[in-house]
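Q: One structure coming up, written as structure tokens, with questions to follow.
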Amino acid sequence: MRFDSSKLTVGVDLSILSQGVKVPVTVDFSSVPHMLIVAPSGSGKTYLLTYILGQIAKKSVKLILADFKGIDFIEFNDCRNYYKHNSVGEAVDCVFDELQNRMANSEYEPIYLCIDEWSGFLSSLAVKKEQDNYKQKLANILMLGRGANIFIIMSLQRADSTYITGRDNFGNVVGLGTLSKERIAMVFNDNKEMIEPKSRGKGYLQTDGKPLREIVVPMLRNINDTKAVIKTALSR
């Protein structure tokens, strides 16, 4: 069964926008699952994540937000599906357990697990065995999630393979702002010659099997209304 929930808009095509035409750039998780958002501080990473969360919140899905810093989304503190600081691990445990339950049957509503600053969470764990445990759980979700209608959207400053086992299972990668050579090599290596510095809210989308696209994140008409919709979804 396919749910009408797999398509998300990540921005507007920047090359066509210069001609005065707004063409949405979308990704379809039913064919290419999971998304990695990479950007240095101040490049619009949180704004893009809010834009995406607002779309997911309007769909018939379960939305879970795991926010290690617990600052940018503080207004969701009282929501049942919002996890901050070290409770990020609880969110991963919950989704991993659900993955095991779904392996025999994919007739379930989709789950979107959105994780902000995964590397920060892992670095907060003092015991390496515990770090490895969560890295492996994430890797299993990335590898098997599509068949169980479970999808990961991860936002962080550096997509270091030290923290992400199975990084290639992110079928969609968004990079915003001025990306360092190291950041580019981590996620855009095949197209590194094409990556140029961008201003806040502008960047690139790379989807498996498709050409690199330049994007700009559109302005939200009312960010408070968007956050209210997200809060309702996180409280379900």
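The values are calculated or read from the model by the stated rules, or taken from the named source; none is laboratory data. What you see is a predicted model; the values in this text were computed from it and never measured. Glycine gets a Cβ as well: all are built from the backbone with ideal geometry, and neighbour counts include every protein chain shown. Keep in mind that these areas ignore ligands, DNA and RNA; they rest on the heavy atoms of the full protein, side chains included. Shrake-Rupley method; radii C 1.70, N 1.55, O 1.52, S 1.80 Å.
Q: Roll a 1.4 Å probe over the protein heavy atoms and report the accessible area of Lys192 in Å², nearest 10.
A: 100
Q: So which lysines can Lys135 reach, going by Cα to Cα under 29 Å and dropping same-chain residues fewer than 8 places off?
A: By straight Cα distance, Lys135 reaches Lys7, Lys45, Lys59, Lys62, Lys69, Lys84, Lys181, Lys192, Lys210, Lys231.
Q: Could you sort Arg80, Arg167, Arg158, Arg221 by their accessible area in this structure, using a 1.4 Å probe and putting the largest first?
A: On the way: Arg80 165, Arg167 55, Arg158 95, Arg221 250 Å².
Per-residue accessible area, sorted high to low, gives Arg221, Arg80, Arg158, Arg167.
Q: If I stretch the segment between Ile71 and Asn105 completely, what's the gain in nm (0.36 nm per residue apart, minus their alpha carbon distance), one decimal?
A: Values: separation 34, 0.36 × 34 = 12.24 nm, distance 3.71 nm.
Stretched fully, the Ile71-Asn105 segment lengthens by 8.5 nm.
Q: Now, a different point. Of Pro40, Gly171, Ser199, which is farthest on the positive side of the dipole of the chain, counting Cα position, with +1 on Lys and Arg Cβ, -1 on Asp and Glu Cβ, and the Cα centre as origin?
A: Of the options given, the answer is Ser199.
Q: Now, a different point. Provide the FRET efficiency to the nearest 0.05 for the Ser60-Asp97 pair, computing r from the beta carbons and using R0 = 25 Å. Please list the in-between numbers first.
A: On the way: r = 22 Å, r/R0 = 0.87.
For R0 = 25 Å, the calculated efficiency reads 0.70.
Q: Quick one: dipole size for the chain, taken about the Cα centre, charges +1 on Lys/Arg Cβ and -1 on Asp/Glu Cβ, in debye to the nearest 20. Before the final figure, lay out the partial values.
A: Working: 30 positive and 26 negative charges, 74 e Å.
So the magnitude is around 360 debye.
Q: Now, a different point. Quantify, in whole percent, the carbon and sulfur part of the accessible surface of region 33-137 (1.4 Å probe; protein heavy atoms only).
A: Details: 2030 of 4270 Å².
Looking at region 33-137 in its full context, I get 48 percent from C and S.
Q: Toward the positive end of the charge dipole of the chain, about the Cα centre and with charges on Cβ (Lys, Arg +1; Asp, Glu -1), which of Ala228, Trp118, Leu142 goes farthest?
A: Farthest along the dipole direction, towards plus: Ala228.
Q: What does the accessible area of Val127 come to, in Å² to the nearest 10, when a probe of 1.4 Å is used?
A: 80
Q: Over all alpha-carbon pairs of region 89-236, lay out the pair-distance distribution in 10 Å bins, whole %, shortest bin first.
A: So the P(r) values, bin by bin, are 10, 33, 35, 21, 1.
Q: Normalised by the residues of region 1-119, what does the relative contact order come to in percent, with Cα pairs under 8 Å and at least six apart? Spell out each step's value before the answer.
A: Details: 131 pairs, mean separation 31.4, N = 119.
RCO, region 1-119: 26 percent.
Q: I need the per residue convex hull volume for region 1-160, using only the alpha carbons, in cubic angstrom as a whole number.
A: On the way: hull volume 20.6 nm³, N = 160.
Cα-based convex hull of region 1-160, divided per residue, equals 129 Å³.
Q: So if the hydrodynamic radius of region 14-98 is defined as the Kirkwood radius over C-alpha pairs, what does Stokes-Einstein give as its diffusion coefficient at 10 °C and 1.306 mPa s, in µm² per second? Can you show the working numbers first?
A: Numbers: Rh = 15.2 Å.
Estimated via Stokes-Einstein, D reaches 104 µm²/s.
Q: Leaving ligands and nucleic acids out of the surface, order Ser60, Ser30 by accessible area at 1.4 Å, largest first. It would help to have the intermediate numbers written out before the result.
A: Numbers: Ser60 100, Ser30 20 Å².
Ranked from most to least accessible, the order is Ser60, Ser30.
Q: Any idea of the accessible area per residue across the chain, 1.4 Å probe, to the nearest Å²? Mind showing how you got there, number by number?
A: Details: 11120 Å² over 236 residues.
Accessible surface, normalised per residue, equals 47 Å².
Q: How many percent of the accessible area of region 149-236 is carbon or sulfur, using a 1.4 Å probe? Walk me through the intermediate numbers first.
A: Details: 2120 of 4590 Å².
Carbon with sulfur: 46 percent of the solvent-accessible area.
Q: While we're looking at this one, here's another question. At a probe size of 1.4 Å, how large is the accessible area of Cys94, to the nearest 10 Å²?
A: Number for this one is 50 Å².
Q: A follow-up question, please. Expressed as a rounded percentage, what relative contact order does region 92-236 have, with Cα pairs under 8 Å and six or more residues apart?
A: On the way: 157 pairs, mean separation 28.1, N = 145.
For region 92-236, the relative contact order is 19 percent.
Q: Here's something else I'd like to know. What is the gain in length, in nm to one decimal, between Asn189 and Ser87 on full extension, counting 0.36 nm per residue of separation less the C-alpha to C-alpha distance? Please list the in-between numbers first.
A: Details: separation 102, 0.36 × 102 = 36.72 nm, distance 3.31 nm.
Value of the extension gain: 33.4 nm.
Q: Separate question: In the calculated pair distance distribution of region 102-189, what percentage of Cα-Cα distances lie above 15 Å? Present the calculation step by step, with values, prior to reporting the outcome.
A: Working: 2395 of 3828 pairs.
Above the 15 Å cut-off, region 102-189 has 63 percent of its Cα pairs.
Q: Rank these by accessible area, largest first, 1.4 Å probe: His34, His85. Write down the numbers at each step before the final one.
A: On the way: His34 0, His85 85 Å².
Sorted by accessible area, descending: His85, His34.
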